[in-house]
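Taking it in order: structure first as structure tokens, then the write-up.
Values in this text are rule-based calculations from the coordinates and carry no lab data. Computed from a prediction, not measured in an experiment: that's the story for all the values here. Note: ideal-geometry Cβ built from the backbone for every residue, glycine included; neighbour counts use all protein chains shown.
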Amino acid sequence: MPRRPPKKPPATLDLSGHLLRLADLPTPLDPASLFSSAAAPIELEVGSGKGMFLTAATVADASRNFLGIEVSGGYARMTAGKLAQAGASNGAIIHGDAMQLVCSLLPDRCVAGVHVYFPDPWWKARHRKRRILNPVFLRHAARILPEAGRLHIWTDVEEYFEEAVAATAATGLFGTPEEEAPGGPETPYRTHFERRTRLAGAPVWRAVFRRNPTPAPDGRVPRVVRDPADSGQSTAESED
Ligand SMILES: C[S@@+](CC[C@H](N)C(=O)[O-])C[C@H]1O[C@@H](n2cnc3c(N)ncnc32)[C@H](O)[C@@H]1O
């Protein structure tokens, strides 16, 4: 199904407190420095789309900071608009590539949870390398989480789910996944894609992983490189 163009926030709305560009951020990036309440735990959402999770979560839980990363400039602006309209000082979105943010900018153990909801499946075989739930991303997701930190993976693509669960287990850095329940009557849908999928009567696969206490088996960190033929997204390359 083709996606509708993102709705633009009103031109008069000040997005400056909620919208950041990855290119403007320092390396390393202390994500706590992006929020007024720097001591609050941070939840990172990868691929925020229309911003339903980020906006609802910031309003529902003021004791946490919610940071999104979204590669589409239009969707990043749309999400920033929703955060600004909600007056959510604990919510911000970065416009940029999540591979770059997670693998190159964020320091160890800096977020309490990583949320990946309905990541693009990249159906064509030649595009598979763009899937965000790849071994390099998963290893860095473990690196930026503390012991028992959460990695949430939800998707409507069973084959991608099974592949991601196997790749997550293969890192050796997470425990056995637990199934997550859908929301209750008051907030039945966590994201726009979950809503769309369930209203169409299709199944959703959900799991949450907890970061193991064990350290990484070696200290080597794969690099992230840009593929010039690509559409602006990174590919992961192991140093091995
Ligand atoms: C299928 S949509 C799901 C959006 C939202 N999570 C939801 O469940 O409604 C996937 C989103 O991930 C974004 N995305 C894809 N690759 C990305 C990347 N490397 N970095 C950041 N965002 C990415 C896309 O632009 C898109 O908005």
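Some notes on this structure:
- Beta bridge orientation in the chain: antiparallel %, DSSP, nearest 5: 35
- The lysine pair tally for the chain, using Cα distances under 16 Å and a gap of 8 or more places or different chains, is 5.
- Here the residues 103, 110, ranked from fewest to most Cβ neighbours within 10 Å of their Cβ, fall in the order 110, 103.
- Shape class for region 1-87: prolate, because the ratio a/c of the largest to smallest gyration tensor axis (alpha-carbon atoms, square roots of eigenvalues) is 1.5 or more and a/b beats b/c.
- Structure-based [θ]222 nm, the chain - -39500 (n - 2.57) summed over DSSP H runs of at least 4, per residue, nearest 500: -7000 deg cm²/dmol
- Charge dipole (debye, nearest 20) of the chain; +1 at Cβ of Lys and Arg, -1 at Cβ of Asp and Glu: 700
- Where trypsin sites (Lys or Arg not before Pro) fall in DSSP loop in region 71-115, at most 15 other Cβ within 10 Å: 109
- Loop-located chymotrypsin sites (Phe, Trp or Tyr not before Pro) in region 75-170 (DSSP state not H, G, I, E or B) with no more than 11 neighbouring Cβ atoms inside 10 Å: 123.
- Considering all different alpha carbon pairs of the chain, the Kirkwood hydrodynamic radius works out to 18.2 Å.
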